[in-house]
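The values are calculated or read from the model by the stated rules, or taken from the named source; none is laboratory data. Since we're looking at a predicted model, the values are computed, not measured. Cβ placement follows ideal geometry from the backbone for every residue including glycine, while neighbour counts extend to all protein chains displayed.
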Amino acid sequence: MIVSRVDERRLTALLEELADLLTDVVDGGASVGFLAPLERGPALAWWRTRVRAVAAGELAVWVAHEGERVCGTVSLALPDKPNSRHRAELVKLMVSRAVRGRGVGRRLLTAAEESAAAAGLTLLHLDTETGSPAEHLYRSAGWTRAGTIPGYAADPGGEVRPTTLYYKQVGVPSAAG
């Protein structure tokens, strides 16, 4: 398996596969902001907006490949304000149902964390559905639970669920410049 960061050109080339991945994870119950069943058209449209965000430097995207097949992705939403240049939000960690439990999520998470630290970021944060399998991954990877917000978002089935916030320091904090 190969995990690599993709630019807007490569992301554009992968739109079809990433739309398939998004529909797969939503249909499998992952709470990533969409309701099931997710049609392919809206999934493709959502990924197209990610291409613009990557081109603008607002988003960094990693894709996991097993052979020629996309099997996972994760992104970092990058800061846009002077007082937050040291942090980023980890968003949309998705792993195909066909390869779950094989370390794909861990590899994607590690790639994003290492890249963030290498870029001088020192703090990452995320939110995930409370009680989801993702919580175990984040805790076992050293993320710290910050709290829970009740009734935060609907899961793919439409039930409003709580979310848990996590953070992780990934680099050495420095004075604001």
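Descriptive notes on the structure:
Rundown of residues vs (1) out of contact with any Gly (no Cβ under 9 Å at 6 or more places or on another chain); (2) buried (at least 20 other Cβ atoms within 10 Å of the Cβ); (3) within 18 Å of Pro156 (Cβ to Cβ), yes/no style:
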{"residue": "Asp7", "(1), (2), (3)": "yes, no, no"}
{"residue": "Ala36", "(1), (2), (3)": "no, no, yes"}
{"residue": "Ala55", "(1), (2), (3)": "yes, no, no"}
{"residue": "Val63", "(1), (2), (3)": "no, yes, no"}
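- Conditions (1) modelled with pLDDT under 95; (2) surrounded by 20 or more Cβ atoms within 10 Å (Cβ to Cβ): number failed by Gly101: (2)
- Going through (1) surrounded by 16 or more Cβ atoms within 10 Å (Cβ to Cβ); (2) of a type in the set (A, V, I, L, M); (3) closer than 25 Å to Ala55 by Cβ one by one, Leu137 falls short only on (3).
- Residue satisfying condition, being under 20 Å from Arg161 (Cα atoms), among the aliphatic types (A, V, I, L, M) and in contact (Cβ under 8 Å) with a residue 60 or more places away in the chain, within set Leu90, Leu35, Leu126: Leu35
- Residue list for the range 124-162, filter: within 15 Å of the chain's Cα centre (by Cα) and not in a helix (DSSP H, G or I): Leu124, His125, Leu126, Asp127, Thr128, Glu129, Ser132, Ala141, Trp143
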